[in-house]
Amino acid sequence: SSLLQLQSLSCGYENTLITEQLDLTLAAGEIACLLGPSGCGKTTVLRAIAGFSPVLSGAIIKDGQPVSTPVFTLPPEQREIGVVFQDYALFPHLSVFDNIAFGLQGKSRAEKQRAVTELLQLVELPDLSDRYPHELSGGQQQRVALARALAPRPKLLLMDEPFSNLDTDLRRQLALEVRGILKDQGIAAIMVTHDQEEAFAISDKIGILADRKLQQWGTPPELYYHP
Ligand code: ADP
Ligand code: ADP
């Protein structure tokens, strides 16, 4: 059973077409990376899946239900999709606790306390609940951003170059850790990265975007042996 389907999806901005006729299927729990030259539309595709930018033709189907078509857009907050995007940095004026609890509105203080403690353990952060983002290292901030995205328990996580401000070794280490967490929790993900080696190390599926099209979509061995 597929969690997410892009059906002949064309997306962009108002009347600017960025990507054309993408078709792909992501199963529950599967991790995918999108690769491609800068400016080819990777972020645009993630934004369309999140519900932040429009679909010009085709459809995005999640759990068997259309969430975006040219005539219908389910609001982002109703999609049950977690996002770690560059323009969704941590709230600087909120503590780590409140940043993570942001996605838990409507829960009691005790429930928030329990959930945040669990999430901090999950992302292997010591209890830094009372700190503010500027008091954390880059890697710690990324872990908090991940914990915040996972707080509402999404089945799908979208990550746009989540660790790009970290050095290569730390980024790859964190990418592998994130893979472990997602596999443990059965969460599917699509991640944009410019690091091919990282993509091959963590992905079940790899998509290569170029010239407006999804040129390839397959498992790492499929792409490796048939480049
Ligand atoms: P990247 O995803 O490569 O880190 P950005 O997503 O910030 O970079 O921007 C990618 C490109 O999109 C840049 O060339 C930028 O100028 C352009 N861009 C970003 N926002 C807009 C906008 N609102 N209108 C037009 N172009 C934009
Ligand atoms: P990538 O993530 O692969 O670097 P993007 O999806 O950020 O590529 O950008 C793809 C194209 O969309 C670029 O040509 C960029 O200038 C354009 N673009 C990005 N954001 C906007 C926007 N808000 N309005 C119009 N064009 C945009």
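Determine whether residue 54 is more than 29 Å from residue 200 (Cβ to Cβ), within 16 Å of ligand 1 (Cβ to nearest atom) and out of contact with any Asp or Glu (no Cβ under 6 Å at 6 or more places or on another chain).
Numbers: more than 29 Å from residue 200 (Cβ to Cβ): yes; within 16 Å of ligand 1 (Cβ to nearest atom): yes; out of contact with any Asp or Glu (no Cβ under 6 Å at 6 or more places or on another chain): yes.
Considered against the rule, which asks whether it is more than 29 Å from residue 200 (Cβ to Cβ), within 16 Å of ligand 1 (Cβ to nearest atom) and out of contact with any Asp or Glu (no Cβ under 6 Å at 6 or more places or on another chain), residue 54 comes out as yes.
Residue-wise test of (1) open to solvent by 60 Å² or more (accessible area, probe 1.4 Å); (2) within 17 Å of the chain's Cα centre (by Cα); (3) among the β-branched types (Val, Ile, Thr).
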residue: 120; (1), (2), (3): no, no, no
residue: 133; (1), (2), (3): no, no, no
residue: 158; (1), (2), (3): no, yes, no
residue: 167; (1), (2), (3): yes, no, no
residue: 180; (1), (2), (3): no, yes, no
residue: 187; (1), (2), (3): no, yes, yes
residue: 190; (1), (2), (3): no, yes, yes
residue: 202; (1), (2), (3): no, yes, yes
residue: 212; (1), (2), (3): yes, no, no
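Each row is one residue, and each column tells you yes or no for (1) closer than 28 Å to residue 184 by Cα; (2) within 15 Å of ligand 2 (Cβ to nearest atom).
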{"position": "7", "(1), (2)": "no, no"}
{"position": "14", "(1), (2)": "no, yes"}
{"position": "22", "(1), (2)": "no, yes"}
{"position": "54", "(1), (2)": "no, yes"}
{"position": "68", "(1), (2)": "no, no"}
{"position": "98", "(1), (2)": "yes, no"}
{"position": "114", "(1), (2)": "yes, no"}
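Please determine whether any residue of the range 23-34 is open to solvent by less than 50 Å² (accessible area, probe 1.4 Å), over 21 Å from residue 2 (Cβ atoms), within 13 Å of ligand 1 (Cβ to nearest atom) and in contact (Cβ under 8 Å) with a residue 24 or more places away in the chain.
Kept after step one, since they are open to solvent by less than 50 Å² (accessible area, probe 1.4 Å), are these residues of the range 23-34: 24, 26-27, 29-34.
Of the ones still in play, those that are also over 21 Å from residue 2 (Cβ atoms) are none.
No, the range 23-34 contains no residue that is open to solvent by less than 50 Å² (accessible area, probe 1.4 Å), over 21 Å from residue 2 (Cβ atoms), within 13 Å of ligand 1 (Cβ to nearest atom) and in contact (Cβ under 8 Å) with a residue 24 or more places away in the chain.
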Kindly indicate whether residue 139 is over 22 Å from residue 28 (Cβ atoms) and touching a residue at least 12 places away in the same chain (Cβ under 8 Å). yes
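Each row is one residue, and each column tells you yes or no for (1) out of contact with any helix residue (DSSP H, G or I) (no Cβ under 8 Å at 6 or more places or on another chain); (2) more than 20 Å from residue 206 (Cβ to Cβ); (3) charged (D, E, K, R).
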position: 28; (1), (2), (3): yes, no, no
position: 66; (1), (2), (3): yes, yes, no
position: 79; (1), (2), (3): no, yes, yes
position: 84; (1), (2), (3): no, no, no
Filter result for residue 92 (more than 18 Å from residue 159 (Cβ to Cβ) and either within 16 Å of ligand 1 (Cβ to nearest atom) or touching a Leu at 6+ places or on another chain (Cβ under 9 Å) (or both)): no
Regarding residue 163, is this residue touching a Lys or Arg at 6+ places or on another chain (Cβ under 7 Å), without any contact (Cβ under 8 Å) to a residue 40 or more places away in the chain and open to solvent by less than 70 Å² (accessible area, probe 1.4 Å)? yes
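The values are calculated or read from the model by the stated rules, or taken from the named source; none is laboratory data. Nothing here was measured: the structure is a model prediction, and the numbers come from that model. Please note: Cβ atoms are built from the backbone with ideal geometry, for glycine as well, and neighbour counts cover all protein chains shown. Note: areas computed on protein heavy atoms with side chains; ligands, DNA, RNA excluded. Shrake-Rupley method; radii C 1.70, N 1.55, O 1.52, S 1.80 Å.
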